Amino acid sequence: NGRKQYIIYADEFGENVYEKFEITNDFYDALDKEQFKLNYQPQVDLHSGKIVGVEALIRWQHPTKGVISPAKFIPVAEETGLIIPLGSWILRKACLDRKQWLEAGIQDIRVAVNISMKQFQQENFVETVLSILEETGLDPTYLELEITESIAMNKHQDVIKKLTLLREKQIYVSIDDFGTGYSSLSYLKELPINQLKVDQSFVQGIDHGNYQILQSIITLAQAMQLSVVAEGVETEKQAQRLKEFKCSIAQGYLYYKPMPVEDLLPVLKSI
Ligand code: C2E
Ligand code: MG
Ligand code: MG
Ligand code: MG
């Protein structure tokens with residue numbers, strides 16, 4: 001490796017290490033080069049079929065590698081600290097897009113933004129969100145923040161403090177990928193949240209007759225007066241079961257795939 005340094009190369013992980021190295025290098029100026037974009041995936045009310053919200057999902061349009069999935073670069077963004085400026089960019093862009101749809105006459109739907117651990121744990125996280133809302137002029141009731149179970153269960157008092165401030169401003173809060181983390185149910189009960197998003201693995205379980213956990217999570221949400229979204233709904237059979245279980249909202253390829261912002265407005269207008 002030059003300069004009297006050496007690295008041990010093991011084939012099992014060699015490709016990943018190299019790929020990660022490349023991603024990290026190119027990542028530093030991808031924000032300046034405007035290579036990120038947000039796609040939006042609508043969420044529908046299972047009974048009326050109406051769109052009740054859209055989730056912003058980031059994509060990186062790499063100049064030579066094509067589109068890179070957030071599963072690959074969000075961890076890099078976390079490790080390098082770049083998630084902080086990137087996270088603010090995502091929030092600002094989602095707020096600006098939501099404002100445009102409002103100006104086009106689209107009422108009622110919320111825009112949901114995924115928040116990563118490092119971003120949420122910034123001391124000034126709440127202030128950052130509020131200042132982006134102020135700067136973009138978006139009414140906070142149109143914004144939803146998705147945090148994962150692991151964020152919600154870490155540093156409990158700090159999480160409660162931050163979520164309380166966000167809820168005071170009428171920002172909607174969801175727990176993402178619910179069921180895959182290690183939620184303490186007594187902690188969960190204390191959290192000022194609005195919604196659980198059941199992880200897609202439980203929805204896919206329906207196909208194999210495994211729906212006991214899914215059904216229990218829906219019942220739990222109802223008992224706690226939380227809204228519940230099923231993620232990754234791909235088939236009519238899954239949708240049918242979810243209706244039987246009285247799940248209120250669904251998101252998945254059966255309804256809509258994540259789409260570029262320019263395709264979303266006509267969809268929102270047609271509903
Ligand atoms: P997530 O927040 O749980 O998002 C749902 C993921 O499921 C998205 O993958 C979406 O495209 C995918 N999906 C939606 N419907 C279906 C379906 O019917 N079947 C299947 N198999 N998949 C479906 P995506 O866009 O690749 O994002 C992956 C993860 O990356 C997200 O999971 C989220 O954790 C993270 N992520 C995405 N955008 C952002 C962002 O702006 N900020 C942060 N911090 N994380 C993000
Ligand atoms: Mg999400
Ligand atoms: Mg999820
Ligand atoms: Mg996920």
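The values are calculated or read from the model by the stated rules, or taken from the named source; none is laboratory data. Bear in mind that the values here come from a model prediction, so they are computed numbers and not experimental data. No Cβ is skipped: glycine too gets one built from the backbone with ideal geometry, and neighbour counts run over all protein chains shown. Just so you know, the surface numbers come from the protein's heavy atoms only, side chains and all, with ligands and any DNA or RNA stripped out. Shrake-Rupley method; radii C 1.70, N 1.55, O 1.52, S 1.80 Å.
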For the chain, what's the relative contact order in percent, using C-alpha pairs closer than 8 Å and at least 6 residues apart? 18
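With all protein chains present and a 1.4 Å probe, how do D158, D108, D207 order by accessible area, largest first? Kindly include the intermediate steps, with their values, before the conclusion.
On the way: D158 45, D108 130, D207 65 Å².
Correct descending sequence by accessible area is D108, D207, D158.
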Quick check: residue separation of E79 and E22 times 0.36 nm, minus the Cα distance between them. What number comes out in nm? 19.1 nm
Scalar couplings 3J(HN,Hα) for segment 234-244 by Karplus 6.51 cos²θ - 1.76 cosθ + 1.60 (θ = phi - 60°), nearest whole Hz, x for Gly and Pro, are 10, 10, 4, 4, 4, 4, 4, 4, 4, 5, 4
What residues have an amide H closer than 5 Å to that of N114, excluding those fewer than 5 places away on the same chain, when H is modeled at 1.01 Å from N in the peptide plane? A56, E146
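How big is the Cα convex hull of segment 97-151 in projection, averaged over all directions, in nm²? List each step's numbers first, then the result.
Working: hull surface 16.1 nm².
That works out to 4.0 nm².
At 0.36 nm per residue, and after removing the present C-alpha to C-alpha distance, how many nm does the segment from Q225 to K246 gain when stretched out fully?
So the extension gain works out to 6.2 nm.
With n ≥ 4 as the cut-off for DSSP H runs, can you work out [θ] at 222 nm for the chain, using -39500 (n - 2.57) per run divided by the number of residues, rounded to the nearest 500? Don't skip to the end; give the middle numbers.
Details: 12 runs with 126 residues, N = 271.
Roughly -14000 deg cm²/dmol at 222 nm, from the helical runs in the chain.
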State the answer as a single residue: which of P70, H47, Y256 lies farthest towards the positive end of the charge dipole of the chain, with beta carbon charges of +1 for Lys and Arg and -1 for Asp and Glu, about the Cα centre. H47
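Roughly what percent of Cα-Cα pairs across segment 192-271 reach past 21 Å?
Numbers: 1036 of 3160 pairs.
Value for segment 192-271 (Cα pairs over 21 Å): 33 percent.
Determine the gain in length on full extension of the stretch T141-V67; use 0.36 nm per residue of separation and subtract their C-alpha separation, reporting nm with one decimal. Don't skip to the end; give the middle numbers.
Numbers: separation 74, 0.36 × 74 = 26.64 nm, distance 3.18 nm.
The span from T141 to V67 would gain 23.5 nm if fully extended.
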Under the Kirkwood approximation applied to all pairs of distinct alpha-carbon atoms, what is the hydrodynamic radius of the chain in Å? 19.9
Quick calc: nm separation of the 7 Å Cα→Cβ label points for Q35 and I213 -> 3.6
Take H156, H47 and sort them by solvent-accessible surface of the protein heavy atoms, 1.4 Å probe, largest at the top. H47, H156
Tell me which lysines have Cα within less than 30 Å of K246's Cα, excluding those fewer than 8 residues away on the same chain? K50, K169, K189, K197, K237, K257, K269
